[in-house]
Each structure stands twice: as C-alpha cells, then as structure tokens.
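Please read the structure below before turning to the comments.
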Amino acid sequence: MIFAVDDDMIVGAVTRPKAWPSFKAMRADILFGLKKIEWWKIFKEVKSRNRGAFLIAQNVTRDLRLQSYVAAGYPFWLQSIFERVSLKVRNVWPLFDL
C-alpha cells in the first residue's frame, strides 16, 4: 500500500526517525497501525498532485460519508480527474521502485 502524504513532519518521522526525535511517539503509533500491512511505502506529495484523493477525503470528513470509496471505486463526480491522473501515472509509474 502506498501512502502519499502532504505533511513533511509525518513523512520525516516515519522515514527518518533520527532527524525527527520529538515525534518518536507519533512514529510508534503510525508503525503500530501499519504492522498488519505486509508491504507499504510512504512519501511526500503535495495535495494538488493528488486532487482526487484529496476531494474524496474532504467529502468523507465534511459530509460524514464513511462508506469505503476504495471498495466502490471513485465517485462518478470525480471521473474526469481520475481519468486524467490515470494517463499521467502510466507515464510515471516505471520510475517507482516497488
């Protein structure tokens, strides 16, 4: 599972704990939550580059839509955003070391 996060502190605390010693407890909480996930990666990504995920998260939290978009797929009202992103990802995906 890949986590794209728009927060330097969270990414730094998880990936570079010696550089972020004040966030040791937060890192432990995050790693505890991730321990049942067999493979994961976290990296910094500004929300403007992940607009579809940002809009879904905003919709879930603002409107309390707690159903899983992952299970249902992206909502129809975001179709154009996800189709554009899909085309971009096809060109970039080989760059990731998975």
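The values are calculated or read from the model by the stated rules, or taken from the named source; none is laboratory data. Owing to the predicted nature of the structure, the values given are computational and were not obtained by experimental measurement. Using ideal geometry, Cβ is built from the backbone for each residue, glycine included, and neighbour counts are taken over all protein chains shown.
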Within the range 30-45, which residues are among the aliphatic types (A, V, I, L, M) and surrounded by 10 or more Cβ atoms within 10 Å (Cβ to Cβ)? 30, 31, 34, 42
Scanning the range 11-55 for residues that are over 28 Å from residue 81 (Cα atoms) and charged (D, E, K, R) gives 16, 18, 24, 27, 29, 35, 36, 38
Going through (1) in a helix (DSSP H, G or I); (2) closer than 30 Å to residue 80 by Cα one by one, residue 3 fails only at (1)
Here's a check for you: in the range 56-66, which residue that is touching a helix residue (DSSP H, G or I) at 6+ places or on another chain (Cβ under 7 Å) and farther than 15 Å from residue 81 by Cβ is surrounded by the most Cβ atoms within 10 Å (Cβ to Cβ)? 65
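To keep it simple, each residue is scored yes or no on (1) of a type in the set (Val, Ile, Thr); (2) under 18 Å from residue 1 (Cβ atoms); (3) modelled with pLDDT of 80 or more.
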residue: 18; (1), (2), (3): no, no, yes
residue: 23; (1), (2), (3): no, no, yes
residue: 35; (1), (2), (3): no, yes, yes
residue: 42; (1), (2), (3): yes, yes, yes
residue: 68; (1), (2), (3): no, yes, no
residue: 71; (1), (2), (3): no, yes, no
residue: 74; (1), (2), (3): no, yes, no
Name the residue that is surrounded by the fewest Cβ atoms within 10 Å (Cβ to Cβ), counting only residues in the range 20-29 that are assigned to a helix (DSSP H, G or I) and in contact with a helix residue (DSSP H, G or I) (Cβ under 6 Å, 6 or more places away or on another chain). 26
